[in-house]
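The values are calculated or read from the model by the stated rules, or taken from the named source; none is laboratory data. Note that the structure is predicted; figures quoted are calculated from it, not measured. Ligands, DNA and RNA are excluded from the accessible area calculation, which covers all protein heavy atoms including side chains. Shrake-Rupley method; radii C 1.70, N 1.55, O 1.52, S 1.80 Å.
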Amino acid sequence: QKVSVEVLDHLERLALVDFRDSEGVERLQKAIQFADQLHEVNTDGVEPMDSVLEDRCLYLREDDVTEGNCTKDLLENAREKVEEYFVAPPGNIPLPNLEE
């Protein structure tokens, strides 16, 4: 199954990964073939779920903040960042400068 240029462009923008070499396209096609197996699963009569844990109570714990105000130190570890956020995954397509 071939992947169209439009789909490749869209996926590259979403994933920040360049699929233009033959290895990247081949990996993408294999991933699509693997995911296509889901179409063979009979889901007739199965109600959609919001969560796989929707039949259980999720218990929340109290978060006691004991340290903080270390944003600057943490962001020094970032390979890529935009404003005060980590960029993940970094991918192999450079991000535009904030001035652009």
Which of (1) 2, 10, 14, 16, 20, 21, 12, 4, 0; (2) 2, 10, 12, 10, 9, 8, 9, 9, 9, 8, 6, 4, 2, 1, 0; (3) 2, 8, 11, 12, 11, 12, 15, 13, 10, 5, 1 is the computed P(r) over Cα pairs in 5 Å bins from 0, in percent? It is (3)
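How much length is gained on full extension from residue 18 to residue 37, taking 0.36 nm per residue of separation minus their Cα-Cα distance? Each step should come with its number before you reach the end.
Values: separation 19, 0.36 × 19 = 6.84 nm, distance 2.53 nm.
Length gained between residue 18 and residue 37: 4.3 nm.
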The lysines whose Cα lies under 23 Å from the Cα of residue 2, excluding any fewer than 8 residues away in the same chain, are 30
Phi-derived 3J(HN,Hα) across region 25-36 with the Karplus relation (6.51, -1.76, 1.60, θ = phi - 60°), rounded Hz, x for Gly and Pro, is 5, 5, 4, 4, 5, 5, 5, 5, 4, 5, 5, 4
For region 71-86, in residue order, the Karplus 3J(HN,Hα) values (coefficients 6.51, -1.76, 1.60; θ = phi - 60°; whole Hz; Gly and Pro = x) are 4, 4, 5, 5, 5, 5, 7, 6, 6, 10, 8, 10, 6, 10, 10, 5
Per residue, accessible area of the chain with a 1.4 Å probe, heavy atoms of protein chains only, in Å², comes to 98 Å²
